[in-house]
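Peer 1: Sharing a structure below in structure tokens format, with a few things to ask.
The values are calculated or read from the model by the stated rules, or taken from the named source; none is laboratory data. The model shown is predicted, which means the values in this text are computed figures rather than measured ones. No Cβ is skipped: glycine too gets one built from the backbone with ideal geometry, and neighbour counts run over all protein chains shown.
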Amino acid sequence: MAERPAAKPIRFDAAVSVIGGWTIVRLPDRASKQLPSRGQVAVTGIINGQEFETVVEPDGTFGHWIKVEAELQKAASLEPGTIATIEIVARPDWPEPLVPPDLQAALAATAPDVHALWEQITPMARWEWVRWVNQTRNPATRMRRVEVTVSKLGNGKRRPCCFNLAGCTDPDLARNGRLVDH
């Protein structure tokens, strides 16, 4: 099998902003278009000289944004309104997603074959299931999505169906699948 060519660095400057209590950086259109997907993309990067790894999120308008955690904000001297100098490179591998406790509990209580399939699917596929479960604020809908996840995995489904991978799925930051302005 031929080796995959190394991804090219994407360099840009972007403003730091706050939405829903989260500090984020929206990628300029030209930078976003250089990514290999309109959906999530695992990246390594440097922001104001500080290295980081993250999953760049889609904004629902075929662009992307990055959540900047508090520790990185401090290390990179980032405050809302400042302009950050950023370089990102798409990763061929994906980090493991943070699986929410309700989904973790449901998976732990499933039949061994369902749990085995969860372990066999790619981290990228696990990210998609987690995003789909996390997409709603409604507790009843969320509970149903956890149940459907377990059921679909039990039926051999490796990914959620009928899910807009290019949509912004965080219910605190999105309206109708799009990242809100402020």
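Peer 1: Where residues in the range 1-25 are surrounded by fewer than 13 Cβ atoms within 10 Å (Cβ to Cβ) and part of a loop (DSSP other than H, G, I, E, B), which of them is modelled with the highest pLDDT?
Peer 2: K8
Peer 1: Can you pull out the residues in the range 4-34 that are among the acidic types (D, E) and under 17 Å from L72 (Cα atoms)?
Peer 2: The answer is D13, and nothing else.
Peer 1: Please go through the range 90-122 and pick out each residue that is without any contact (Cβ under 8 Å) to a residue 40 or more places away in the chain and part of a helix (DSSP H, G or I).
Peer 2: Matches in the range 90-122: P101, Q104, A105, A108, P112, H115, A116, W118, E119, Q120.
Peer 1: Exactly one condition in (1) touching a His at 6+ places or on another chain (Cβ under 7 Å); (2) in a strand (DSSP E or B) is false for G45; which is it?
Peer 2: (1)
Peer 1: Mind checking whether some residue in the range 34-43 is within 11 Å of I86 (Cα to Cα) and either surrounded by fewer than 21 Cβ atoms within 10 Å (Cβ to Cβ) or not assigned by TED's automatic domain parsing to the domain that holds P80 (or both)?
Peer 2: No, the range 34-43 contains no residue that is within 11 Å of I86 (Cα to Cα) and either surrounded by fewer than 21 Cβ atoms within 10 Å (Cβ to Cβ) or not assigned by TED's automatic domain parsing to the domain that holds P80 (or both).
Peer 1: Could you check how many residues of the range 102-113 are out of contact with any helix residue (DSSP H, G or I) (no Cβ under 7 Å at 6 or more places or on another chain) and within 19 Å of P123 (Cβ to Cβ)?
Peer 2: 2
Peer 1: Next question, about the same structure. Please go through the range 37-76 and pick out each residue that is touching a strand residue (DSSP E or B) at 6+ places or on another chain (Cβ under 7 Å) and among the aliphatic types (A, V, I, L, M).
Peer 2: If the condition is that a residue be touching a strand residue (DSSP E or B) at 6+ places or on another chain (Cβ under 7 Å) and among the aliphatic types (A, V, I, L, M), then V41, A42, V43, I46, I47, V55, V56, I66, V68, L72, A75, A76 are the ones that fit.
Peer 1: Do we have K67 as over 21 Å from V18 (Cβ atoms), surrounded by fewer than 19 Cβ atoms within 10 Å (Cβ to Cβ) and under 19 Å from the mean Cα position of the chain (by Cα) here?
Peer 2: Answer is no for this residue.
Peer 1: Does V133 satisfy the criteria of being farther than 30 Å from R11 by Cα and out of contact with any helix residue (DSSP H, G or I) (no Cβ under 6 Å at 6 or more places or on another chain)?
Peer 2: No, not satisfied.
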